[in-house]
Amino acid sequence: MTGCFCIGNVKHATLIKNCYPPTGTVPRSSELSYLTFYASSRPAKLTKVGTFLQRKVTKDIRKGRKSSNAVSLLILKALIQTCHRDLNLFSKYIVKILSLLLDTRDLELIDLTCETFIVFCTFHDGTTLGVDADFTTDYETLLQKFAGFCNYTTEDPSLAQKMRYIGHRAIQAAVTSGALQSSDFKTQLSILFPPLIVTLASSSNNMDALETSDGSIDIRESALNHSKVINDQLIGWVAAHTISILFNKVTGPSVRLSLVPLFEYMNKKEKWWPPNLAVNIMKLVLDSLQPQYRYLLVSDILHQLDLNDENHLINDKYASLVSILDSILNANTPLVGISVLEVLNSLFSLLIKTTHHHAFLSNNDHAGYGHVIQRGLVHSIGGLATQTYYENQLNDMVGYLVSKTRPNTSLETVDNMSIYDYRLIVLCCLDSVVMGSSKTLQQTEFPYEALNPALELLHDKNPLTRIAFSKSLYGVLQTVSSHANDSANTYAASHYHDAIFLDRLVHVMQDWVLMPDFNITDLRFFYSFLCQLTRKFGMAATVMIVPLIFKVQQSIRDGHVGMDERAYALESCLISSFLMMSQYYGLPALAEYMQEVKEKRGLRTDDVMLTESLNETMQYEPEVFRRRTGNQDNLDEDWRRNRSSAVWIDRSQVVEIMSKEGKLRGKGDPHGLELEAKLFAEWGSDAFLKKDQSIRTRIFQDSNENKPKLSNPWEPSSEYVAVTREDRKNSIRVATLKEALTAQLSAEEEVDSDSTQSNSISAHSKPFKMDMNALLNELNLPPVTPSTVSLVNPPYKST
């Protein structure tokens, strides 16, 4: 009897029985081949094959035939691999057999069962899940059994680790299966995700290392013959890699649903603080999600924050959620699709709400949750600026925060806090945005013009407000890289928007100096701004600063700055500014002249302690100008005596020194006349105003040229334009033709009314008629190629 005859006539039960050897745990190879060929050629028999195997496994378990069960699993594995196209015909028997063998609690059988389940998940698409209720229940029960192994505990540590490893192998196989999202995704997720969270929470590894999942681990490798040592670290890597696979398969609508088990575990186990576990899992989720869905994490965390009662914002859960949000927005991972201004508004609103329960950035409470929350929200706002999602994003963010400063308001309180405290919060957020943007932004992209409305705070009546805004503006000028660099001879900022910012700033600084309570801290920032603007914008700033300096000097001479101590300090500031310019531009003649003026005036610029760089960690207070000890009385006496003798900075000498310097001149100013005119422009004069007007004109021209324009679908093609231009070239204007015909008609009427005129008149009209004939002959145009343009079809449809 041949093999084919045997296969065609024997029953499936005989073929299955023949696969079992008398001894051993490996099925007979030839008989197994017969069985798989029989099952693949007759798919209808798979149901009977599955039923027979289930009965045999049940009987072997009852009688303790371990080797027979091992053979049954290998037979089942071979059938799955061979008949995977018809897997749904006997998948329910596979699930029942695997579930029965897991209940044996035999490590070897459980390990072999896990291997068979991994093969099953490779081909199982889950199309029958949700259709067959019994199969769905059996499959979910099987998943629960494997999930229970993930946190297996026993007195034998080695056995416990192997069981946990087997459980995580099966969980990862179920996650990679197409059956994960085929039916009830929520139910499967509630089974598969919590064991992974528990494993990571109980892992002894450094939590920061959980972000890196080891994808080199092959879950098909047996737990009993594993080439690597099975330990908690290895199991943690498998769990992290499983989470990565899980969220890589999650699509948009399922992102929020996928995070529900994590939040439920955190609430139930009270694991919100410290936030390391939640933060690291969310970082892993962020890296695993498809790029187009990552922004949904921000929306979901903001939703969780909104669920908190407004009266209970300062707690461990709120602090942990803010820490998660902070890590996501500062993860240097683009969140494509995020609504920047919407998120910014939500973060700022949450920050203001927290101040109703905790003083801003104070650390007085025992847990410090309030400080962590507020610091995290501010840092999250800065994190938004670390990525550029659209062209004017930074301008919109800065403009939003500047509007919150309410520079021209007369209100004393905003959101139940003083206007000063409110502005302090806004400026802190602005500083965070500037720091965040400095990581990826070029100087030419920073929107200085967005700061223009807030410049009014420089002469606010509250000196603390002036100091707070001065620190923020100083931070902007210090953080963003310089425009000028080596091109100090430019007359305009690289962007006209920066020029309008300079124009506005120098005007505000002039009003700032004349304030009655202008103090020594104001002066320090005033001097620092003069230096920073010069170094940042070069001559574009200098041609505005020089008129400002001489305007301030004139105010000192006229006695508009108040007491002598302030005038003394301001004079020192002005001389120090020119000394800085002489060093920056390399003008030794200007430095010598300033030293001469300083000696004649009896000034000591070191007494005022003016420096370009200010210590940002220093707590600035509104100091007043005061007399100094030691030889200050003699110094004051010399200064007052020299003041009466009118020893002032001579503008003509300063301008002459600067205009002679070739490297400070523009390309179109070889003799320095243009530079001289700019430096001689008096504050508020027509020349100074015209300069401002020209700047604004160029701004508007530049902005109009750079405005985005919609394409015109009715715009004719290039061929049509060429033909039209040729037609126009060979055509006669209607007005010209009308004028010629009218003149001809008038001439003919004159000839007809007076036919007795002399020959001289006839001789005069004859050339005129010849001119008309020549003009009319021009109407006979040379033939041109007929145009394909019609009044029905638009030009772009012409061929």
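No lab work stands behind these numbers, since they all come straight from the coordinates. Quantities reported herein were computed from a predicted structural model and do not represent experimental measurements. For neighbour counting, all protein chains shown are included, and Cβ atoms are generated from backbone atoms with ideal geometry for every residue, glycine included.
Show me 39-49, 17-27, 272-282 ranked by packing, highest mean number of other Cβ atoms within 10 Å first.
The most tightly packed comes first, giving 272-282, 39-49, 17-27.
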* To do: Rounded to whole Hz and in sequence order, give me ³J(HN,Hα) for the stretch 140-148 from the Karplus expression 6.51 cos²θ - 1.76 cosθ + 1.60, θ = phi - 60°, writing x for Gly and Pro.
  => 5, 5, 4, 4, 5, 5, 5, 5, x
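Given a cut-off of 21 Å, name the pairs among Lys471/Lys536; Lys269/Lys317; Lys600/Lys663 whose C-alpha atoms lie farther apart than that in the structure shown.
Values: Lys471/Lys536 17 Å; Lys269/Lys317 12 Å; Lys600/Lys663 30 Å.
Pairs exceeding 21 Å: Lys600/Lys663.
Give, in nm to one decimal, the length gained when the segment between Phe123 and Glu264 is fully stretched (0.36 nm per residue of separation minus the Cα-Cα distance).
Working: separation 141, 0.36 × 141 = 50.76 nm, distance 3.20 nm.
Result: 47.6 nm gained on full extension.
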* State the extension gain, in nm to one decimal, for the chain segment bounded by Asp309 and Asp103, taking 0.36 nm per residue of separation less the distance between their alpha-carbons. => 69.5 nm
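Starting from the Cα-Cα distance between Leu673 and Arg256, subtract it from 0.36 nm times their residue separation and give me the gain in nm to one decimal. Display every interim value, and only then the final one.
Working: separation 417, 0.36 × 417 = 150.12 nm, distance 6.76 nm.
Stretched out fully, the Leu673 to Arg256 stretch lengthens by 143.4 nm.
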* Asked: What list do you get for Leu430, Leu142 if you sort them by fewest beta carbons within 10 Å?
  -> Leu142, Leu430
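If I take every Cα pair under 8 Å that is 6 or more residues apart in the stretch 255-441, average their sequence separation and divide by the length, what percent do I get for the relative contact order? Before the final figure, lay out each step's value.
Values: 186 pairs, mean separation 39.2, N = 187.
This gives 21 percent for the stretch 255-441.
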* Structure fact -> Here the residues of the stretch 54-91 lying in the modelled label zone of Thr47, meaning backbone nitrogen under 19 Å from a point 7 Å along Cα-to-Cβ, are 54-56, 80, 83-91
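Using the Cβ atoms and a cut-off under 15 Å, what net charge is assigned to the surroundings of Phe263, where Lys and Arg are +1 and Asp and Glu are -1?
On the way: positive: Lys186, Arg256, Lys268, Lys269, Lys271, Lys317; negative: Glu264, Glu270, Asp300, Asp306, Asp316.
Here the charged neighbours net out to +1.
What is the order of Val336, Val433, fewest Cβ neighbours within 10 Å to most? Can you show the working numbers first?
Details: Val336 13, Val433 23.
Ranking Val336, Val433 by Cβ neighbours within 10 Å, fewest first, gives Val336, Val433.
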* Go through 59-65, 284-290 and give me the packing order, highest mean Cβ count within 10 Å leading. => 284-290, 59-65
* Asked: What is the packing order of peptides 524-535, 130-141, taking the mean over residues of other C-beta atoms within 10 Å and listing the highest first?
  -> 524-535, 130-141
